[in-house]
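Following: one structure in structure tokens, then a few remarks.
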Amino acid sequence: LLAGMVAAANRGGYAGASVSEVIGEAGVSRPTFYEDFEDRDDCFLATVTDVHQRLLAEVRQKVDDGPPERAAAAAVEAMVAFASTQPAQARFLMKEVLAGGPIALDARDRGIAETAQVIEDAFSRVPAETTIPDVPVVAVVGAIHRLLATRLRRGERVLAGLLEDLLAWVDSYGSAAAEHRWRALAPARA
């Protein structure tokens, strides 16, 4: 049913991902659908969560396999690889979810924040003199989601050139961890 939701939403958008379309894609009966989900939105949200968890697992693995100072680059590589190898799921997560209403958008935002936290956790382990990007990581992750969504909507499969550009972009913000301004910002007085 989750794969059916991905296929239905990618074909007809959120509005076209009706229960009928989903069960048609999944090859199951309507009663089977309602055994697992309360309604279409429940299925849509479950699909957002499932696809995000798959992407997050790949990001975590890639970040954990490398040195902490490469966490942002590793996450970018994992996100682009996910979009290249699983374009339907990536398009669903990065584009179609935008029309899913406030609950779906909140789930998407939580997913972006979770991905950013994996990177931030790795960055917290680097020595002060180590060069890492001085940019809000959550903004980088969100921007990459939007860039990949645009490419996936157009049906682009080869994202290698984009990967090189994204890695150069992230690297361009590098500075010693001890000199970061974003992490040292304090709220202004009201």
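The values are calculated or read from the model by the stated rules, or taken from the named source; none is laboratory data. What you are looking at is a predicted structure, and each value in this text was computed from that prediction instead of being measured. Cβ: placed from backbone, ideal geometry, glycine included. Neighbour counts: every protein chain shown. The area values use the complete protein model at the heavy-atom level, side chains included, leaving out ligands, DNA and RNA. Shrake-Rupley method; radii C 1.70, N 1.55, O 1.52, S 1.80 Å.
Being open to solvent by 70 Å² or more (accessible area, probe 1.4 Å), free of Cβ contacts under 8 Å to residues at least 24 places away in the same chain and farther than 26 Å from Gly155 by Cβ is the filter here; which residues of region 15-39 pass it? First the steps, then the outcome.
To start, the set of residues in region 15-39 that are open to solvent by 70 Å² or more (accessible area, probe 1.4 Å) comprises 15, 21, 25, 30-31, 34-36, 38.
Among the residues that remain, those that are also free of Cβ contacts under 8 Å to residues at least 24 places away in the same chain are: 21, 25, 30-31, 34-35, 38.
Residues satisfying the conditions are Arg30, Pro31, Tyr34, Glu35, Glu38.
Going through region 59-74 one residue at a time, which ones are small (Gly, Ala, Ser) and either on the phi > 0 side of the Ramachandran plot or in contact (Cβ under 8 Å) with a residue 60 or more places away in the chain (or both)?
We begin by selecting, within region 59-74, every residue small (Gly, Ala, Ser); these are 66, 71-74.
Selection gives Ala71, Ala72, Ala73.
Could you tell me which residue of region 40-55 is surrounded by the fewest Cβ atoms within 10 Å (Cβ to Cβ), considering only residues that are over 18 Å from Leu148 (Cα atoms) and without any contact (Cβ under 8 Å) to a residue 40 or more places away in the chain?
Asp42
Tell me whether region 106-115 contains one or more residues that are surrounded by 18 or more Cβ atoms within 10 Å (Cβ to Cβ), under 16 Å from Gly142 (Cβ atoms), over 12 Å from the mean Cα position of the chain (by Cα) and touching a residue at least 60 places away in the same chain (Cβ under 8 Å). Give the derivation first.
First pass over region 106-115, keeping only residues surrounded by 18 or more Cβ atoms within 10 Å (Cβ to Cβ): 107-108, 111-112, 115.
Cutting the leftovers down to under 16 Å from Gly142 (Cβ atoms) gives us 107-108, 111-112, 115.
Filter again for over 12 Å from the mean Cα position of the chain (by Cα), leaving none.
Taking every residue of region 106-115 in turn, none turns out to be surrounded by 18 or more Cβ atoms within 10 Å (Cβ to Cβ), under 16 Å from Gly142 (Cβ atoms), over 12 Å from the mean Cα position of the chain (by Cα) and touching a residue at least 60 places away in the same chain (Cβ under 8 Å).
Can you name the residue in region 143-190 that is open to solvent by 80 Å² or more (accessible area, probe 1.4 Å), within 28 Å of Ala7 (Cβ to Cβ) and in a loop (DSSP other than H, G, I, E, B) and, of all such residues, is modelled with the highest pLDDT?
Looking at residues that are open to solvent by 80 Å² or more (accessible area, probe 1.4 Å), within 28 Å of Ala7 (Cβ to Cβ) and in a loop (DSSP other than H, G, I, E, B), I get Arg154.
Scan region 21-39 residue by residue and report those that are of a type outside the set (Phe, Trp, Tyr), assigned to a helix (DSSP H, G or I) and touching a helix residue (DSSP H, G or I) at 6+ places or on another chain (Cβ under 8 Å). If you could, list the steps in order and put the result at the bottom.
Restricting attention to region 21-39, the residues satisfying the condition of being of a type outside the set (Phe, Trp, Tyr) are 21-32, 35-36, 38-39.
Next, only the ones that are assigned to a helix (DSSP H, G or I) stay: 21-26, 30-32, 35-36.
Passing the criteria: Glu21, Val22, Ile23, Gly24, Glu25, Ala26, Arg30, Thr32, Asp36.
Being assigned to a helix (DSSP H, G or I) and within 16 Å of Leu152 (Cβ to Cβ) narrows it down to one of Val76, Val59, so name that one. Walk me through it before giving the result.
On the way: Val59 fails: within 16 Å of Leu152 (Cβ to Cβ).
Sole residue among the options that is assigned to a helix (DSSP H, G or I) and within 16 Å of Leu152 (Cβ to Cβ): Val76.
If we scan region 58-81, do we find a residue that is under 17 Å from Ala143 (Cβ atoms) and in contact with a His (Cβ under 6 Å, 6 or more places away or on another chain)?
No; the residues of region 58-81 include none that is under 17 Å from Ala143 (Cβ atoms) and in contact with a His (Cβ under 6 Å, 6 or more places away or on another chain).
For the structure I just gave you, tell me whether Gly12 is part of a helix (DSSP H, G or I), in contact (Cβ under 8 Å) with a residue 12 or more places away in the chain and of a type in the set (Gly, Ala, Ser). Quick ask: steps written out before the conclusion?
Working: part of a helix (DSSP H, G or I): yes; in contact (Cβ under 8 Å) with a residue 12 or more places away in the chain: no; of a type in the set (Gly, Ala, Ser): yes.
No.
Could you tell me whether any residue of region 116-137 is modelled with pLDDT of 95 or more, in contact with a Lys or Arg (Cβ under 7 Å, 6 or more places away or on another chain) and not in a loop (DSSP other than H, G, I, E, B)?
Yes.
Collect the residues in region 78-88 that are in contact (Cβ under 8 Å) with a residue 40 or more places away in the chain, buried (at least 22 other Cβ atoms within 10 Å of the Cβ) and in contact with a Lys or Arg (Cβ under 8 Å, 6 or more places away or on another chain), keeping them in residue-number order.
Step one: list which residues in region 78-88 are in contact (Cβ under 8 Å) with a residue 40 or more places away in the chain, which gives 79-80, 83-84, 87-88.
Next, from what is left, pick out any that are buried (at least 22 other Cβ atoms within 10 Å of the Cβ): 79-80, 83.
The answer is Ala83, and nothing else.
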